[in-house]
Amino acid sequence: MNRKEVAELAGSVGLGAWAAFAVLAMVVGGRAGAPLWLDHGLHTWAVGHRPEMAVTVARGVTSTGTGVVPYLLATLAGALMGGTARQRWQAAALCLACLGLGQLLRSGVMELVHRPRPPHADWAAHAGGWAFPSGHTTTAALTAGMLVLALTLRAPRGGTALRTAVACWALLVGLTRIYLGVHWFTDVVGGWLFAVGWLGTCLCAAAYVLPAAFLGPTTVPAAEPAQEQAPHDPGDAGRSRPA
């Protein structure tokens, strides 16, 4: 795919995610943050199925969706994207900017929607702030998206298992927020949609703005050496070759 095709695809996916997110945010805000659709059912199931070991594992997984871990992974994604040492540092800075600005935008949306969390008595982990969209879910999904993009750029025909593992990690971080009772299901869906929308926006802008050689020098295949030919002797014309 060329740069224009990448920009158009990223922009289309991002626009679709933003549209779905906007609809969900309006529905949540219009109901004053009341639970929607599968919210009650999944929350009730999670509260009733909490063996100690499962809660411990869920807390461990959910802790990777915040703090220093996502920023380290975003830096790693940038380092994988760049083709030269300078480009790696630049790509790492861009990935960190994408993650940091996404966090600021998401925080603003949380304040705007003002959705309360599930009842505090049902929590199995610490949480703070408003509920929609889920911060851990958004952060993990943004980080995973950058890692998957970096792995795709560096190993377009390989690394499928690693990309799948990264995507599953982001998925599990979101699901643990429901299981631990600190978010409704639609908070997590909102986080996933927000992440896809923001990643699509950033990738579309990068495809248009960044220079073509940003991801490393283009490899040009070497020309095949010309076949050596014996010099042509005009005096040979008309002569018969010896048997």
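The values are calculated or read from the model by the stated rules, or taken from the named source; none is laboratory data. Since the structure is predicted, the reported quantities are computational estimates derived from the model, not experimental observations. Neighbour counts run over all protein chains shown; Cβ positions are idealised from the backbone, glycine included. The accessibility values were calculated without ligands, DNA or RNA, using every heavy atom of the protein model including side chains. Shrake-Rupley method; radii C 1.70, N 1.55, O 1.52, S 1.80 Å.
Once you list every other residue whose beta carbon is under 15 Å from the beta carbon of R50, what net charge do they have if Lys and Arg are +1 and Asp and Glu are -1?
0
So what J values fall out for region 166-183 if you push phi through Karplus, 6.51 cos²θ - 1.76 cosθ + 1.60 with θ = phi - 60°, rounded to Hz, Gly and Pro as x?
5, 5, 5, 4, 4, 4, 5, 4, x, 5, 5, 5, 6, 4, 7, x, 9, 9
Once the dipole of the chain is set up with Lys and Arg at +1 and Asp and Glu at -1 on Cβ about the Cα centre, which of L99, F132, L149 lies farthest towards its positive end?
F132
Once phi is turned into ³J(HN,Hα) by the Karplus curve 6.51 cos²θ - 1.76 cosθ + 1.60 with θ = phi - 60°, what whole-Hz value does each residue of region 38-53 show in order, with x for glycine and proline?
Running phi through 6.51 cos²θ - 1.76 cosθ + 1.60 with θ = phi - 60° gives 8, 4, 5, x, 5, 5, 4, 4, 4, 5, x, 10, 10, x, 4, 5 Hz.
Would you mind working out the accessible area per residue for region 42-198, using a 1.4 Å probe, and quoting it in Å²?
On a per-residue basis, 46 Å².
Tell me the carbon and sulfur percent of the accessible area for the chain, rounded to whole percent, probe radius 1.4 Å.
That share works out to 69 percent.
Rank S134, S63 by accessible area, highest first, at a 1.4 Å probe radius?
In descending accessible area the options line up as S63, S134.
For T44, T152, T186, what's the largest-to-smallest order of accessible area, 1.4 Å probe?
T44, T152, T186
Scan (i) -0.27, -0.62, -0.86; (ii) -0.39, -0.73, -0.93; (iii) -0.35, -0.72, -0.92 for the value of log10 I(q)/I(0) by the Debye sum over Cα atoms at q = 0.08, 0.12, 0.14 Å⁻¹ calculated from this model and give just the label.
(ii)
Hey, if we sort C204, C95, C168 by accessible area with the 1.4 Å probe, largest down, what's the order?
My answer, sorted largest first, is C168, C204, C95.
Report the Cα-based extents of region 61-146 along its three principal axes, largest first, to the nearest Å.
51, 27, 16
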